[in-house]
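The values are calculated or read from the model by the stated rules, or taken from the named source; none is laboratory data. Predicted model only: the values in this text are computed from it and were never measured. Quick reminder, even Gly has a Cβ in these numbers, built from the backbone with ideal geometry, and neighbours come from all protein chains shown. We work out accessible area using only protein heavy atoms, side chains counted, and drop any ligands, DNA or RNA first. Shrake-Rupley method; radii C 1.70, N 1.55, O 1.52, S 1.80 Å.
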Amino acid sequence: MLKKNTLLKLLYGLILASFTILQLNGQVAPSDKNATKEAKWLFENMYRLMDKGYLVGHQDDLAYGVHWKYEKGRSDVKDVTGDYPGLYGWELGNLELGREKNLDDVPFDKMRSYIQGAYAKGGVVTISWHANNPLTGKNAWDPAPGSVAAILPGGEKHDLYKTYLNRVAAFMHSLKGKKGEPIPLLWRPFHEHTGGWFWWGVKSCSDDEYKKLFRFSADYLRNEKGLHQLLIGYNTGSEFTDEATFLRRYPGDAYVDFISFDTYQHSKENIDSTFINIVDSRLRVLCDIAGKRHKIPAVGEIGFNQIPYEHWFTRVLAPVFKKHRFSYVLFWRNAGYKPYSQETEFFLPYKNHSSAADFYEFFKKPETLFEEEVIKAKLYQ
Ligand code: BMA
């Protein structure tokens, strides 16, 4: 005979399971009512996958690493762990100008084949856009006041801005799977807007202008350009402290699927409690909001340039990540030496780097999801 305890446990399990099913059938859906089926599946599956862990992503992973460029099949993550990232970040800056390469020198033709290859295997793709300033003609890091006002409907640069979006849309439309289906994209425009360095940031436009820009761009891509494969990310910097400050420029649930923030460790302290507290407290705010609104929380960008502390992944990141239920983390790019700025930039270790062993330990943790596990999760069905 079943004991009362066991019966209660069973009942509790049943209630939990039906709750999840109800949730997944009801409110857990992309913000675009006409989302493609692959985008819908991806959203629901990424929502569910948070029970298991978080995807580990890397910007420009397949294009280059610290000591190499464009070697077929190569990836610094693969060199160190034996597997590829679960998520790939790509950047569209300069596409809006009609250029063949992005601002970091990655040809869009190559980017397209990397994206198609990753999707064909079952991986996830996220896209950022350091768009040039349409008002001044300078780059994204030109916070000239009035830039956003100028490109909203009625503004002097509105038509020019539409040509920017047209080029973005054409590229996105060219990203197709084997059956001609549009590849779902986690689209993360106008990020780090709580900071003052970009032309869409706090110094350059009002909250209302930002929301209008976000909505106009999403509506234009969806309705004028027919892109329904986008899962859209509202991505702040780490300046916010609570729900109200995070949502200050939130364009509304109808425009957002993912909510995320960017953060970097800068101090050379190994265990930097300020940084850890930021990651912890910001994730807590994000996860709370995401739970209430049925959105997916994530870390949009993260890193500790050149990884000066050899246990950073297992002793700083892993413990704080473990406390939260979120979808993914994207490490920024392994640019290596940049002659134009004479800086060296990389956020994940490469073969024989002093943090390689630690990153391998991080990779082995059950909650860190790299490509092999992401493929198993069958996110597109
Ligand atoms: C920055 C740096 C730059 C790069 C930009 C856009 O944080 O990596 O070198 O041009 O991102 O990718």
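Could you grab me the full set of residues in region 212-231 that are in contact with a helix residue (DSSP H, G or I) (Cβ under 6 Å, 6 or more places away or on another chain) and either farther than 20 Å from Ile151 by Cα or assigned to a loop (DSSP other than H, G, I, E, B) (or both)?
The answer is Lys225, Leu227, Gln229, Leu231.
I'm told Thr344 meets every condition in (1) touching a strand residue (DSSP E or B) at 6+ places or on another chain (Cβ under 7 Å); (2) open to solvent by less than 20 Å² (accessible area, probe 1.4 Å); (3) among the β-branched types (Val, Ile, Thr) except one. Can you identify the failing condition by its number?
Unmet condition: (2).
Filter region 38-62 down to residues that are among the small types (Gly, Ala, Ser) and within 16 Å of the ligand (Cβ to nearest atom), then give me how many there are. Can you show your working first?
Of the residues in region 38-62, the ones among the small types (Gly, Ala, Ser) are 39, 53, 57.
Checking which are within 16 Å of the ligand (Cβ to nearest atom) leaves us with 57.
Total meeting the criteria: 1.
When residues of region 62-82 are filtered for being part of a loop (DSSP other than H, G, I, E, B) and buried (at least 18 other Cβ atoms within 10 Å of the Cβ), how many remain? Talk me through it step by step, then tell me what you get.
If we filter region 62-82 for residues that are part of a loop (DSSP other than H, G, I, E, B), which is where we start, we get 62-63, 66-67, 70-75, 82.
Keeping just the survivors that are buried (at least 18 other Cβ atoms within 10 Å of the Cβ) gives 62-63, 66, 75.
Looking only at that region, the number is 4.
Which residue pairs have Cβ atoms closer than 9 Å, lie 6 or more positions apart in sequence or on different chains, and pair a first residue in region 137-149 that is among the charged types (D, E, K, R) with a second residue that is open to solvent by 40 Å² or more (accessible area, probe 1.4 Å)?
As it stands, the answer is Asp142/Leu135; Asp142/Thr136, since those pairs meet every condition given.
Going through region 359-381 one residue at a time, which ones are in a loop (DSSP other than H, G, I, E, B) and closer than 16 Å to His58 by Cβ? Please lay out each step first, then the result.
Looking only at region 359-381, we keep the residues that are in a loop (DSSP other than H, G, I, E, B), and these are 365-367, 370, 377-381.
Phe370, the sole residue that qualifies.
List the pairs whose first member sits in region 161-181 and is within 20 Å of Val148 (Cα to Cα), whose second member is among the aromatic types (Phe, Trp, Tyr) and open to solvent by 10 Å² or more (accessible area, probe 1.4 Å), and whose Cβ atoms are under 8 Å apart, counting only residues at least 6 apart or on separate chains?
Listed pairs, sorted by first residue: Lys162/Tyr220; Leu165/Tyr220.
Quick one: in region 305-343, of everything that is polar (S, T, N, Q) and without any contact (Cβ under 8 Å) to a residue 60 or more places away in the chain, which residue is farthest from the ligand (Cβ to nearest atom)?
Filtering first and then ranking leaves Thr314.
Okay, residues lined up against (1) closer than 15 Å to Leu330 by Cβ; (2) touching a residue at least 24 places away in the same chain (Cβ under 8 Å):
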| site | (1), (2) |
| --- | --- |
| Trp68 | no, no |
| Arg74 | no, no |
| Asp83 | no, yes |
| Gly89 | yes, yes |
| Asn102 | no, no |
| Asp105 | no, no |
| Arg112 | no, yes |
